[in-house]
Amino acid sequence: MLHRDSGASGMPDMKTLSIIIVNWNTRDILLDCLTSIAAHPPARSYDVWVVDNASSDGSVEAVRARHPYVQVIENSENRGFAAANNQAIDAAQGDYVLLLNSDTIVHAQALERMAQFLDVHDRVGIAGACLLNADGTLQPSWAAFPSFWSELLGRNIRARRPYRTVDGSTAYLVDWVGGAALMIRREVIEQIGVLDEGYFMYSEETDWCFRVRKAGWDICYLSDAPIAHLGGQSSQKASARMKAELYRSKIRFYTKHYGRRQAYALSLTLRLALYGKALVERLNGRVEAYRDLRLLTQALSVPHLH
């Protein structure tokens, strides 16, 4: 646990923070992320965990050489985003837990503003950062929970409303925030459980937020806690497989929270849309149209959840 002088603030019992980063073959941007944390640390005790999902690019060795204070968990296989985060959640002891993507750059004051917001808003279980693109433009990182039409159209509904704050900061009440920079109370994790490892990638944070809201906690998006997010650096390495994982996660979320009947309806509609798109492409002479069709339609199978 790295320590900051809290005595000057008059808050010697300030809540601690554990920062968790899951990595898969993103060595250089991971190092940049860790450097940005060191340059803009929170003004409280914190520790940093990197969970490496069997990278082959020297990520683990580079982190240990450049940032020896980081706690590294080295997996022998790619366990996925949820399972890897859970490993560090179980090992860390911070009062607050920050899930942070490896392809992010922390800006000044962002981490402390997120933690301070939880300090003074007892009803808030999760705080999400203001994500920015590499060029500094806004990257929307909040949305309403999925609906049939939002999933069919592949578009998130960016619903939010102003949240009454006690410290004058600007915040918005939302359904869910993106897992690229999501801070949650440990007491909330103890109440609702860790991330659902049935999700390999995608929708695990939406599922978590759904459970947090169901348990009676608020979720807020903070516009004054900027963190740059390059986006998709791991998933770009296996786009067809990752698209299949996206569909699989959508159907799992629907089955789990809305029931099998609605999940079957969504699955059938998405399958028909995929077949229609493939047929149009085939008629236009693109013979590779069916290459990934089986993979994608299989991912739309409705799972049996226990």
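The values are calculated or read from the model by the stated rules, or taken from the named source; none is laboratory data. This is a predicted model, so every value here is computed, not measured. Neighbour counts are summed over all protein chains in view; Cβ atoms, including those assigned to glycine, are modelled from backbone coordinates with ideal geometry. In case anyone asks, the SASA skips ligands and DNA or RNA and just uses the protein heavy atoms, side chains included. Shrake-Rupley method; radii C 1.70, N 1.55, O 1.52, S 1.80 Å.
Observations on the structure shown:
- Volume of the convex hull of segment 79-125 (Cα atoms only), normalised per residue: 93 Å³.
- DSSP-defined antiparallel bridges as percent of all bridges, segment 1-125, nearest 5: 5 percent
- Calculated FRET value between HIS304 and ASP122, using beta carbons and R₀ = 45 Å, to 0.05: 0.70
- Within-10-Å neighbourhood charge of ALA84 [Cβ basis; K, R +1; D, E -1]: -1
- Amide N of segment 150-178 lying under 17 Å from the label point, which is placed 7 angstrom from the Cα of VAL280 along Cα→Cβ: 152-155
- Of all DSSP bridge pairs formed entirely within segment 122-234, close to 60 percent run antiparallel.
- Tail beyond 24 Å, pair distance distribution of segment 1-134 (Cα, percent): 28 percent
- Both radii come from the Cα set of the chain: Rg as radius of gyration, Rh as Kirkwood radius; their ratio Rg/Rh reads 0.98.
- Cβ crowding within 10 Å averaged over residues, with 19-25, 219-225 ranked highest first: 19-25, 219-225
- Here's the list of lysines a cross-link from LYS15 could span, going by alpha-carbon distance under 26 Å and ignoring same-chain residues fewer than 8 apart: LYS214.
- Gyration tensor over the Cα atoms of segment 139-184: the corresponding equivalent ellipsoid has semi-axes (square roots of 5 times the eigenvalues, largest first) of 24, 12, 8 Å.
- Under the span-like rule (Cα at least 24 Å along the axis, Kyte-Doolittle mean at least -0.5), DSSP H helices of the chain: 260-283
- Qualifying lysines (Cα of each under 30 Å from Cα of LYS277; at least 8 residues distant if same chain): LYS237, LYS243, LYS250, LYS256
- Counting DSSP beta bridges with both ends in the chain, the antiparallel % (nearest 5): 45 percent
- Most to least packed among 100-109, 189-198, 132-141 [average Cβ atoms within 10 Å]: 100-109, 189-198, 132-141
- Anisotropy class of segment 143-281 from Cα gyration tensor, a/c 1.5 cut: prolate
- Computed [θ] at 222 nm, deg cm²/dmol, the chain (DSSP H ≥ 4; -39,500 (n - 2.57); rounded to nearest 500): -12000 deg cm²/dmol
- Two-decimal ratio, segment 167-249, of alpha-carbon radius of gyration to 2.2 N^0.38 Å: 1.23
- The order of the peptides 205-214, 253-262 by mean Cβ neighbours within 10 Å, most packed first, is 205-214, 253-262.
- Order of exposure, largest accessible area first, which applies to MET201, MET1, MET183 with probe 1.4 Å: MET1, MET201, MET183
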